[in-house]
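What follows is a set of notes on a single structure, which appears directly below.
The values are calculated or read from the model by the stated rules, or taken from the named source; none is laboratory data. Nothing here was measured: the structure is a model prediction, and the numbers come from that model. Virtual Cβ from ideal backbone geometry, glycine too; neighbours counted across all protein chains shown.
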Amino acid sequence: MRRLQRFLMTSAAITAVGAAGGGVAGAAEDPPADQPNDSTQLEQITVTATKRLERLQDVPVAVTALTSDTLERNNVREIADLVKLSPSLQVTYGSQPGNFVISMRGIGTFSSGIAVESDVAVVIDDVPLAYQAESFMDLIDVDRVEVLRGPQSTLFGKSAIAGVLNITTAAPTAEFTAKAMGYYTDDNEVRAGFSLSGPLSDTLRYRLTVEDSHYDGNVTNIHNGQKINGSSGLTVSGKLQWLPTDNFTFTVSPRFNRNQSTCCSSPITSVPPGLYYQGATQLPESVVLKGIPVGSHNQYVDMDYRNGGGDSRLYGATAKADYNFSDSSFMKGYTLSSITSYDHWRMFDYQDTDGTAVPFLLYYPLTKPSGIDSGASQHGFFHATGTTQELRITSPGDTRFRYVAGLWYAKNVLNRYLAKGPVLNYVAYLGSHDNINYAGFFNATFDLTDKLSLVGGYRHNLEKIDYVFDNYTSVPTRHFSKSDQEWSNTGKAGLEYKWTPDIMTYATFSTGYKGQAYDLVSTFDAKEAAQMPVPHETAHSYEVGIKTSLFDRRMYLNFDLFDTNYHGFQTSVTSALPDGTFLTFLQSVGQLRTRGAELDAQAKVTANLTFNGSYAYTQATVVQFADGPCYNGQPAGTGAGQCFPFDGGKAQNLAGARLNNVPMNKFDLGGEYDHALWGLPFGGFLTFDYRWQSAVNFTLSQDPRTIQGAYGIANFSAGINDNKDHYKVSLFVNNAFDKHYAAGISDTTSGFAPAGGGTVVGAYGSSWTPARDSFMYYGIRVDLKY
C-alpha cells in the first residue's frame with residue numbers, strides 16, 4: 001500500500017509539471033483540441049532488409065519492422081524486450097551474459113564457447129557485432145528494428161543462418177531538435193536520457209544521445225539483503241555528419257556502453273525432504289536454506305559470493321561514406337558506400353557456482369573432506385575486438401534491373417579466461433580465437449514484366465580461423481593450437497508477383513552457412529582437440545508469402561509459410577557436477593527442421609484507433625540426433641525416451657524431439673486509442689498489449705521437470721500527449737494480472753542428496769529464473785521533445 005501511495009503521489013506531481021510546462025508554451029498557438037484528425041492511413045514503413053531503402057510491403061522477405069513509436073510505446077529497453085513484439089524471436093538465458101542465446105524460428109546457438117558463431121546476427125547501422133553477448137545492452141535512440149526471419153547469409157554473412165536483428169539508429173537532423181525521457185517503476189527501475197541533434201554549420205550536423213538506467217532486480221539475496229537479477233548501464237552514442245556537396249555524405253559514429261548485470265541467479269523452487277547438501281549430514285536443508293521460502297515462485301537466494309553476472313564495457317566507432325553519382329555521370333543514380341567499423345568489448349564475469357552461503361568444502365568430499373572454509377565459485381573475462389570493412393554499390397531503384405553488390409572483410413579476435421574452484425573440480429584456462437572473413441556478395445531484382453519479377457542473390461565466402469588454448473588445470477600447463485580455413489557459397493532465388501500496387505506474393509529458396517567451430521570450454525582436452533574443428537552448419541529454406549495493403553492503406557496484412565532444414569547444427573549439451581557446476585560439450589546435430597506460419601497485421605480502424613497483431617506457429621524439431629543428452633533420472637534402455645551408455649557417458653536418441661524454448665503457438669495483440677480533449681492543449685490516450693504462448697521445455701533433453709506451461713501477459717497504459725508533441729506522460733502497468741512465469745527452469749542446481757551421497761530415484765530439486773515481468777509492476781514515463 002505504501003508503494004502504491006508513493007507511486008501515485010510521484011505520478012501526479014510529474015504529470016502536473018509536464019502538463020503545465022508543455023501547455024503554457026503552446027496553448028495560445030494551438031488549434032482547437034477537438035478538431036478531428038483527417039489521417040486515417042497507416043504510416044509508410046521503409047526498411048533496409050535488402051541493404052536498400054525500400055517500402056516494407058515491397059520486400060520479398062519475412063520481416064517485422066518495429067518503429068521508434070512502437071518501441072517507445074512498449075518501453076523497449078534491450079533486445080530481450082523485443083521478444084514481446086516479435087513472436088518468432090526467443091531469448092534463452094544462461095549462467096552469465098556471455099552465454100545468452102538469441103533464437104529465430106527456434107534456431108539459435110546454444111554454446112558458451114567463444115569460437116562458435118551465433119545463428120542470429122545482430123547488425124547495428126550496417127555493422128554486425130563480433131560476439132552476440134555484446135548485444136545485451138540498452139538500445140537507445142533507435143529509429144527502427146527489423147526482425148528478418150530465416151537464413152539471411154547471402155546479404156548479411158555467415159552469422160545470419162537463422163535470421164538478423166537489423167537495428168537502425170536515428171540520424172542527425174537539419175534543424176535543432178532535443179528530447180528527454182524519464183522512467184520510473186514501483187520496483188525501482190529508473191531510466192533517464194536525452195538526445196540533441198542539429199546543424200553545426202551549413203555542411204556539418206551532429207547527434208548526441210546519453211541514457212542511464214538501473215534496475216535492482218526481482219530476486220533478494222538474504223545473505224546481504226541486496227536485490228539481484230537486475231542490471232544498470234550507461235550508454236553514450238554520437239553521430240557527426242559532413243555534407244560538403246549535394247552528392248557526398250560522410251558520417252562518424254562513436255559509441256560507448258557500460259553495463260553491470262547481476263543476472264542469472266535461480267531461486268530454488270523444490271527440494272525433496274530428508275536430504276543434505278552434497279550428502280553432508282552437517283548440512284541439512286534446514287541449515288542451508290534457512291530463511292528461504294522454497295516454493296514455485298520463490299524470489300530469495302542465500303549466496304556468499306558475487307551473485308552471478310558480468311560487468312562489461314564497449315568502445316567503438318563506425319565511419320560511413322556515401323557518394324551519389326551526379327546526373328551528368330554515366331553512373332547516374334548509383335550510390336557507392338564505404339562502411340568501416342571498430343569495436344572492443346570486454347566483460348568480467350563471476351558466479352557463485354554452489355548457489356549457497358555455506359562453506360560446504362569443510363565437509364566435502366565425504367570420504368576425505370578438504371577442510372577448506374569456503375564454497376565454490378568462478379570468475380573470468382571475455383574480450384572481443386571486431387574490425388569490419390564493406391564496399392557497396394547500389395543501383396538506381398527505378399530501373400528494371402536493380403541490384404546491390406559489395407565486398408566484405410571482417411576480423412574478430414576473441415579471448416576467454418575462466419577460473420573456478422578453489423579445489424574441487426578446479427579449472428583454469430585461457431582460450432583465444434581469431435576469425436577472418438572475406439566475401440563478395442550480390443543481390444538483385446529483375447522485372448520480367450510489369451508485375452512479375454525475378455529475385456536472387458549470391459555470396460562467395462572465405463573464412464580463416466585459428467585458436468590457442470592453454471589449460472592451467474594440469475601441471476605442467478597443456479597447450480593446444482590449430483588453424484583452419486574453408487570456402488563457402490550461399491544463394492537465394494525466387495519470384496515475386498504484384499497483383500496490384502498494394503498486393504504482392506513471393507516464393508523464395510535460400511541457403512545459409514555458419515562456419516567451422518572450436519569447442520574452447522573447460523572440458524577441452526587432447527581428445528577434444530583431436531576432433532576439432534566441429535564441421536560447418538548449413539541451411540536450406542523454402543518460403544512463400546503475401547504482403548498486402550488494404551482499404552486504402554488502412555490495414556497491413558502480411559503472411560508467410562516457411563520450411564527450413566539445418567544440417568550439422570552446432571550446439572552444446574550440458575552435464576552437472578556434484579557441486580552444481582555445469583560442464584558443456586559442443587556437438588553437431590545431424591539435422592533439425594523448423595517449419596510453420598507467421599502473420600503480421602496492423603489496422604487503423606478510425607483516425608484515433610489503431611490495432612496491431614502478430615502470430616507465429618513454429619514446429620521446430622530434431623530430425624537426427626542419435627547421441628543426444630539425457631536428463632537426471634531418465635529411464636535406462638534403448639527405446640524412445642530412454643537413456644543408454646555412450647562414449648563413457650550416457651545418451652539418448654532425440655529424433656522427433658521438439659527444440660527447447662520454442663513455443664508452438666505465440667501471438668501478440670495490441671491497440672492504441674487517442675482522443676482529443678476539448679478546450680485543452682493536450683489529448684489523452686489508452687494502450688493495451690496482450691501476448692500469449694503455448695508451453696515450452698527449457699531443455700533439449702526433454703526433461704519433464706523443466707516445462708513452462710502456457711501463459712499470457714497483459715499490459716496497459718494511459719496518459720496525455722501535447723497537441724504539438726512537445727511532451728507525453730504515461731502511466732502503465734505490466735503483467736497486470738500478476739501471471740507468474742519462468743524465463744528458465746532447471747532440475748540440477750539444488751545439490752541436495754541423501755546422507756553419504758548418491759541420488760534418490762524420482763526425487764529431484766528444481767529452480768527457476770524469473771523474467772523481468774514475472775510479477776506485476778507499474779510505473780510512469782515522461783517524454784519531452786523540442
Within segment 705-724, is even one residue surrounded by 19 or more Cβ atoms within 10 Å (Cβ to Cβ), among the aromatic types (Phe, Trp, Tyr) and modelled with pLDDT of 95 or more?
no
The correct count of residues that are among the polar types (S, T, N, Q), outside any loop (DSSP other than H, G, I, E, B) and closer than 29 Å to ALA162 by Cβ in segment 597-640 is 7
If you check ASP470 against the conditions, is it at pLDDT 95 or above, out of contact with any strand residue (DSSP E or B) (no Cβ under 6 Å at 6 or more places or on another chain) and over 20 Å from ALA121 (Cα atoms)?
no
Checked against (1) in a strand (DSSP E or B); (2) within 26 Å of TYR617 (Cβ to Cβ); (3) modelled with pLDDT under 95, LEU700 satisfies every condition except (1)
On the basis of being in contact (Cβ under 8 Å) with a residue 24 or more places away in the chain, among the aromatic types (Phe, Trp, Tyr) and in contact with a Pro (Cβ under 7 Å, 6 or more places away or on another chain), does TYR300 make the cut?
yes
Within segment 557-580, count every residue that is over 30 Å from GLN591 (Cα atoms) and at pLDDT 95 or above.
1
Which of (1) buried (at least 22 other Cβ atoms within 10 Å of the Cβ); (2) in contact with a Phe, Trp or Tyr (Cβ under 6 Å, 6 or more places away or on another chain) is the odd one out, the single condition LEU700 does not satisfy?
(2)
Does segment 522-544 contain at least one residue that is aliphatic (A, V, I, L, M) and free of Cβ contacts under 8 Å to residues at least 12 places away in the same chain?
yes
Residue satisfying all of: in segment 609-649; touching a residue at least 40 places away in the same chain (Cβ under 8 Å) and hydroxyl-bearing (Ser, Thr, Tyr); farthest from PRO87 (Cα to Cα) among these
TYR631
In this structure, does TYR542 turn out to be under 14 Å from PRO151 (Cα atoms) and either over 23 Å from the mean Cα position of the chain (by Cα) or assigned to a strand (DSSP E or B) (or both)?
yes
Options ALA171, ALA160; residue that is closer than 25 Å to ILE45 by Cβ, in contact with a helix residue (DSSP H, G or I) (Cβ under 8 Å, 6 or more places away or on another chain), touching a residue at least 12 places away in the same chain (Cβ under 8 Å) and part of a loop (DSSP other than H, G, I, E, B):
ALA160
Would you mind stating whether VAL47 is within 20 Å of the chain's Cα centre (by Cα) and either over 30 Å from ASP311 (Cβ atoms) or among the acidic types (Asp, Glu) (or both)?
yes
Would you tally the residues in segment 675-697 being within 22 Å of SER296 (Cα to Cα), surrounded by 14 or more Cβ atoms within 10 Å (Cβ to Cβ) and of a type in the set (Gly, Ala, Ser)?
1
Tell me, please, whether a residue that is under 29 Å from GLY333 (Cα atoms) and either of a type outside the set (A, V, I, L, M, F, W, C) or crowded, with 19+ Cβ neighbours inside 10 Å (or both) can be found in segment 415-436.
no
Just for segment 450-481: of the residues that are among the charged types (D, E, K, R) and surrounded by 14 or more Cβ atoms within 10 Å (Cβ to Cβ), which one is nearest to VAL59 (Cα to Cα)?
ARG459
Scan segment 311-353 residue by residue and report those that are among the charged types (D, E, K, R) and not in a strand (DSSP E or B).
ASP327, LYS332, ASP352
How do the strands (runs of 3 or more DSSP E) wholly within segment 358-454 filter down when requiring 1 or more residues that are over 26 Å from ASN99 (Cα atoms) and of a type in the set (Gly, Ala, Ser): which remain?
401-421, 427-447
Quick one: would you say PRO267 is without any contact (Cβ under 8 Å) to a residue 60 or more places away in the chain and farther than 24 Å from GLN132 by Cβ?
no
In this structure, is VAL622 among the β-branched types (Val, Ile, Thr) and crowded, with 20+ Cβ neighbours inside 10 Å?
yes
